[in-house]
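Beneath this line is the structure, given in structure tokens, with notes to follow.
The values are calculated or read from the model by the stated rules, or taken from the named source; none is laboratory data. Fair warning: this is a prediction, and the values are worked out from it, not measured in the lab. Please note: Cβ atoms are built from the backbone with ideal geometry, for glycine as well, and neighbour counts cover all protein chains shown.
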Amino acid sequence: MDFAARITGTGSAFPKNRLSNAVIVKRLAKLGVKTSDTWIRERTGILERRISDVENPAELNSSLGFSAAQKALEMAGKSPEDIDQIIYATCSPDTLLPSTACWLQHKLGASKAWAMDINAACSGFIYGLVTAEKFIQTGQVRTTLVVGGEVLHPFLNWEDRNSCILFGDGAGAAIVERVPADSTHRILSSNLLSDGNLWELFHMPAGGSNMEVTPERYSRKLNKYKMKGKEIFKVAVKTLADFAVHALNENLMTIDDLDWLVPHQANLRIIEAVAKRIKLPMEKVIVNVERYGNTSAATIPTALDEAVRDGRIKSGQTVLLDAFGAGLTYGSLLLRW
Ligand code: UT7
């Protein structure tokens, strides 16, 4: 292989509106559902999340992606005309047609790019990075914009306290560029896996072509998330830990070689359990779930961006991205920053 891929810019964007646990407690109380700030904090680590105003064109999924992409382009010193490929990881597209990637291309004026969405739920950003890397390695593509963006709140069942407290809206972006295969700074390796047998753990029955949303199905909230949280929790801890160990092993590294873990931000307890299992101190784990909740495909790029911009992640360091999501899907990617 003559080429490798390197992330040269990152960016993120969130809606303005903060939704605190206290406000959720009041909202659910009106619906006759009991929860508390203490329960949410202790069981998830989440204090607040951002919720976009979908009446505001600046807070659509593709608009958050646009803001994140602009910041990533600026960091990389690139313009929209430099982008060959746009990959938008999302499970909450602006519209089913066209893709959110095409909406973003339209907003950016990236006229030389081809654009497509990827839906791998919370693992989507890693699936997007891996896809970008493969196109770059063939020499077909020089510069890719990968976005993980979500506006999840329209899909939440606000009477289901098990799931509605977890999620938020936001977008993160990365510019991925071609570098020589022996470059120090590059994606080192990646692993993807899905297990469609576990579809029932997290799914949305209606709204796709298999089940049109009718008034009756709408009233039964079949077009909202259904989640078996406890089961996902167990699979997530085991798989994230296994993927992390595998990534290090295949690069002949040990846990001491890892500078940073950027895990999917679903629940602080999942993140802490994974760190404990792989014997990585929490000081080496990037966490932002307390402020944004689970933003699905956006958690990893936004957490990565934050740590790059505040100087925690430094040039030459080894960073592992590690995710799981509905599907179920899993993915990890090891890189040298
Ligand atoms: O990106 C992938 C998306 N999904 C996930 O990552 C989900 C992963 N799972 C989780 O994060 C956790 O399993 C949850 C946060 C969903 C639930 O936490 P848990 O510690 O696994 O709680 P549990 O399901 O064992 O429930 C314990 C109790 C139950 O009551 P009973 O049966 O013991 O009386 C629940 O009904 O807590 C109750 N409960 C709540 N109580 C107050 C569940 N949600 C709430 C709530 N407020 N919001």
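ILE232 - would you say it is farther than 23 Å from GLU200 by Cβ and touching a residue at least 24 places away in the same chain (Cβ under 8 Å)? When the stated conditions are applied, ILE232 does not pass them. Looking only at residues in segment 221-271 that are in contact with a helix residue (DSSP H, G or I) (Cβ under 9 Å, 6 or more places away or on another chain) and aromatic (Phe, Trp, Tyr), the one that is nearest to the ligand (Cβ to nearest atom) is PHE233.
Only residues that are over 21 Å from the mean Cα position of the chain (by Cα) and more than 30 Å from LEU108 (Cα to Cα): list them for segment 44-69, please. If the condition is that a residue be over 21 Å from the mean Cα position of the chain (by Cα) and more than 30 Å from LEU108 (Cα to Cα), then no residue fits.
Residues are listed down the side, and each one gets a yes or a no for (1) among the charged types (D, E, K, R); (2) surrounded by 18 or more Cβ atoms within 10 Å (Cβ to Cβ):
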residue: LEU193; (1), (2): no, no
residue: GLY196; (1), (2): no, no
residue: ARG217; (1), (2): yes, no
residue: ARG220; (1), (2): yes, no
residue: ASN223; (1), (2): no, yes
residue: ILE232; (1), (2): no, yes
residue: LYS238; (1), (2): yes, no
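Return a yes/no flag: does segment 51-71 have any residue that is of a type in the set (Asp, Glu) and crowded, with 21+ Cβ neighbours inside 10 Å. Yes. Evaluate the following for LEU152: is it away from the ligand (no atom under 16 Å from the Cβ) and either surrounded by fewer than 16 Cβ atoms within 10 Å (Cβ to Cβ) or assigned by TED's automatic domain parsing to the domain that holds LEU28 (or both)? No, not satisfied.
Being farther than 28 Å from ILE232 by Cα, among the hydroxyl-bearing types (Ser, Thr, Tyr) and assigned to a loop (DSSP other than H, G, I, E, B) narrows it down to one of SER67, SER92, SER62, SER111, so name that one.
Selected residue: SER111, the only one of SER67, SER92, SER62, SER111 that is farther than 28 Å from ILE232 by Cα, among the hydroxyl-bearing types (Ser, Thr, Tyr) and assigned to a loop (DSSP other than H, G, I, E, B).
All of (1) within 11 Å of the ligand (Cβ to nearest atom); (2) small (Gly, Ala, Ser); (3) more than 18 Å from VAL130 (Cα to Cα) hold for ALA297 with one exception: (3). Listed by first and then second residue, the pairs linking a residue in segment 168-179 that is under 30 Å from ILE40 (Cβ atoms) to a residue that is in a strand (DSSP E or B) and among the acidic types (Asp, Glu), with Cβ atoms under 9 Å apart and 6 or more places separating them unless they lie on different chains, are GLY168/GLU48; GLY168/GLU150; ASP169/GLU150; GLY170/GLU150; ALA171/GLU150. Determine if segment 317-335 includes at least one residue that is among the aromatic types (Phe, Trp, Tyr), in contact (Cβ under 8 Å) with a residue 24 or more places away in the chain, buried (at least 19 other Cβ atoms within 10 Å of the Cβ) and more than 16 Å from the ligand (Cβ to nearest atom). The answer is no; no qualifying residue exists. Listed by first and then second residue, the pairs with beta-carbon distance under 9 Å, at least 6 apart or on different chains, first residue in segment 208-227 and closer than 23 Å to LEU198 by Cα, second basic (Lys, Arg), are MET211/ARG217; ASN223/ARG217. Taking segment 133-161 as the range and being in a helix (DSSP H, G or I) and within 14 Å of ALA297 (Cβ to Cβ) as the test, only PHE155 passes.
Would segment 39-48 turn up any residue that is within 16 Å of the ligand (Cβ to nearest atom), at negative phi and free of Cβ contacts under 8 Å to residues at least 12 places away in the same chain?
yes
Of all residues in segment 1-35, those satisfying the criterion of being part of a loop (DSSP other than H, G, I, E, B) and either of a type outside the set (Ser, Thr, Tyr) or surrounded by fewer than 14 Cβ atoms within 10 Å (Cβ to Cβ) (or both) are MET1, ASP2, PHE14, PRO15, LYS16, ASN17, LEU31, GLY32, VAL33, LYS34. Just one of (1) farther than 29 Å from ASN17 by Cβ; (2) touching a residue at least 40 places away in the same chain (Cβ under 8 Å) fails for ASN197. It is (2). If we scan segment 155-164, do we find a residue that is in the same structural domain as GLU48 (by TED's automatic domain parsing), more than 11 Å from the ligand (Cβ to nearest atom) and aromatic (Phe, Trp, Tyr)? So far as segment 155-164 goes, yes, one or more of its residues are in the same structural domain as GLU48 (by TED's automatic domain parsing), more than 11 Å from the ligand (Cβ to nearest atom) and aromatic (Phe, Trp, Tyr).
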